[in-house]
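The values are calculated or read from the model by the stated rules, or taken from the named source; none is laboratory data. As the structure is a prediction and not an experimental result, all values here were calculated from the model. Positions of Cβ are backbone-derived with ideal geometry, glycine not excepted, and every protein chain shown enters the neighbour counts.
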Amino acid sequence: MIKIICIGKIKENYLREAILEYTKRISKYTKLEIVELPDYDYDIKKTLEVEKDNILKVIKPSDYNILMDLNGKNLDSLEFSHNLDKIRSMNSNINFIIGGSYGVHEEIKNKCQEKISFSRLTFPHQLFRVILLEQIYRSFKILNNEEYHK
């Protein structure tokens, strides 16, 4: 199973529709769950602490955690798909964690086996969720030798 753990809710209808579409497409290949956790706007330290506690409630010690992080390793779509395939062969639960506007607490970073960046550009967190889902879908298409990836 793949779980997308995100801070914040999607407010825009067009993004919700895109998320629903990719969720439907991915469901052909694997079980997918999206966990939306509340975002907070305290001072940075308190916000990171509260969001950390919420993330820790939804991950298990046996999960494989991947942090989506601007400073993570950059992969192209083929590398990402092969990496996902390798991880899935050894782990039944994979979590992709998308932090809030202040990032994530150091304790969450330490619980992640990998940190991946899709770009050095900064994306709105809601839009990034769509980008991540699209890349997961693309990965399954690549791994199954199906038309889509070019």
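Some observations on this one:
- Sole residue being acidic (Asp, Glu) and more than 19 Å from residue 28 (Cβ to Cβ), chosen from 79, 134, 146: 79
- Residue within segment 97-117 that is in a strand (DSSP E or B) and in contact with a Cys (Cβ under 8 Å, 6 or more places away or on another chain) present: yes
- Exactly one residue out of 71, 95 is closer than 18 Å to residue 132 by Cβ, among the polar types (S, T, N, Q), exposed (fewer than 14 other Cβ atoms within 10 Å of the Cβ) and touching a strand residue (DSSP E or B) at 6+ places or on another chain (Cβ under 7 Å), and it is 71.
- Applying the condition of being outside any helix (DSSP H, G or I) and surrounded by fewer than 14 Cβ atoms within 10 Å (Cβ to Cβ) to segment 74-92 and asking which residue is modelled with the lowest pLDDT yields 92.
- Residue pairs meeting the criteria (Cβ under 7 Å; at least 6 apart or on separate chains; first farther than 13 Å from residue 50 by Cβ and free of Cβ contacts under 8 Å to residues at least 12 places away in the same chain, in segment 93-113; second basic (Lys, Arg) and not in a helix (DSSP H, G or I)): none
- Scanning segment 78-95 for any residue that is more than 22 Å from residue 140 (Cα to Cα) and among the acidic types (Asp, Glu) turns up nothing.
- Condition broken by residue 50, with the remaining ones in (1) closer than 18 Å to residue 108 by Cα; (2) surrounded by 13 or more Cβ atoms within 10 Å (Cβ to Cβ); (3) in contact with a helix residue (DSSP H, G or I) (Cβ under 8 Å, 6 or more places away or on another chain) satisfied: (3)
- Only one of the numbered conditions (1) assigned to a helix (DSSP H, G or I); (2) of a type outside the set (A, V, I, L, M, F, W, C); (3) touching a helix residue (DSSP H, G or I) at 6+ places or on another chain (Cβ under 9 Å) is violated by residue 28, and that is (1).
- Looking only at segment 60-73, and only at residues there that are more than 14 Å from residue 99 (Cα to Cα) and either assigned to a helix (DSSP H, G or I) or not hydroxyl-bearing (Ser, Thr, Tyr) (or both), the one that is farthest from the chain's Cα centre (by Cα): 61
- Residues that are within 14 Å of residue 128 (Cα to Cα), in contact (Cβ under 8 Å) with a residue 12 or more places away in the chain and surrounded by 11 or more Cβ atoms within 10 Å (Cβ to Cβ), drawn from segment 9-43: 9, 10, 12, 15, 18, 19, 22, 34, 36
- A count restricted to segment 1-51 and to residues that are closer than 24 Å to residue 92 by Cβ and of a type outside the set (A, V, I, L, M, F, W, C) stands at 12.
Residues checked against (1) closer than 20 Å to residue 123 by Cα; (2) charged (D, E, K, R):
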{"site": "1", "(1), (2)": "no, no"}
{"site": "7", "(1), (2)": "yes, no"}
{"site": "10", "(1), (2)": "yes, no"}
{"site": "15", "(1), (2)": "yes, no"}
{"site": "42", "(1), (2)": "no, no"}
{"site": "46", "(1), (2)": "no, yes"}
